[in-house]
Amino acid sequence: MSFKLEVKAVAIRQAAEAYKYHEQKSPGLGKRYIAALEEAYATLREEPFFQVRKAPYRHLKLRRFPYRLVYEVLNESVVIYQVRHTKRRPHRKYGP
C-alpha cells in the first residue's frame with residue numbers, strides 16, 4: 001500500500017531554509033540534504049509507522065543529517081508538519 005504525502009507549508013519553508021544553509025556551508029551539500037529528504041519521503045510513502053514521540057505525532061530522522069520529520073498518519077495519508085533540526089528545543093505540541 002502506498003500512502004499519500006501532504007507536506008504543510010511550514011515544513012516546506014523549514015526544508016528550504018535548511019537547504020540554503022547547507023548549500024552556503026558547502027556547495028553540493030544542499031543537494032545531498034534534498035536527496036536525504038526525498039529518501040525519507042519515499043520511505044514514508046511505503047512504511048510510515050515509525051517512532052511515536054508524542055502521540056499521535058511520529059518522527060523519522062533523515063539519514064546523514066541532523067533533521068527529523070514530524071508527521072502524523074491519517075487513514076491513507078501522511079501529513080508532515082515539520083522538518084526539525086534535532087538540536088532545537090522541543091516543540092510543546094509535537095515533542096522533541
Exercise. Tell me, yes or no, whether the range 64-87 has at least one residue that is of a type in the set (Asp, Glu) and more than 14 Å from Ala11 (Cα to Cα).
Key: yes
Quiz item: Hey, among Val10, Val83, which residue is hydrophobic (A, V, I, L, M, F, W, C) and not in a helix (DSSP H, G or I)?
Solution: Val83
Quiz item: Any residue at all in the range 10-29 that is within 13 Å of Val73 (Cα to Cα), aliphatic (A, V, I, L, M) and within 11 Å of the chain's Cα centre (by Cα)?
Solution: no
Quiz item: Considering Val10, Val52, which residue is within 22 Å of Arg92 (Cβ to Cβ), of a type in the set (Val, Ile, Thr) and at pLDDT 95 or above?
Solution: Val10
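For the range 64-80, enumerate the residues that are surrounded by fewer than 16 Cβ atoms within 10 Å (Cβ to Cβ), touching a residue at least 24 places away in the same chain (Cβ under 8 Å) and not in a strand (DSSP E or B).
Arg64, Glu76
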Practice problem: Would you please name the residue that is farthest from Arg64 (Cα to Cα), looking only at residues in the range 36-51 that are surrounded by 13 or more Cβ atoms within 10 Å (Cβ to Cβ) and free of Cβ contacts under 8 Å to residues at least 24 places away in the same chain? | Solution: Phe50
Practice problem: Could you tell me whether Lys25 is surrounded by 12 or more Cβ atoms within 10 Å (Cβ to Cβ), free of Cβ contacts under 8 Å to residues at least 60 places away in the same chain and over 19 Å from Met1 (Cα atoms)? | Solution: no
Quiz item: Out of the residues in the range 52-63 that are under 13 Å from the mean Cα position of the chain (by Cα) and in a loop (DSSP other than H, G, I, E, B), which is surrounded by the fewest Cβ atoms within 10 Å (Cβ to Cβ)?
Solution: Arg63
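The values are calculated or read from the model by the stated rules, or taken from the named source; none is laboratory data. Everything quoted here is computed from the prediction, not taken from an experiment. Cβ: placed from backbone, ideal geometry, glycine included. Neighbour counts: every protein chain shown.
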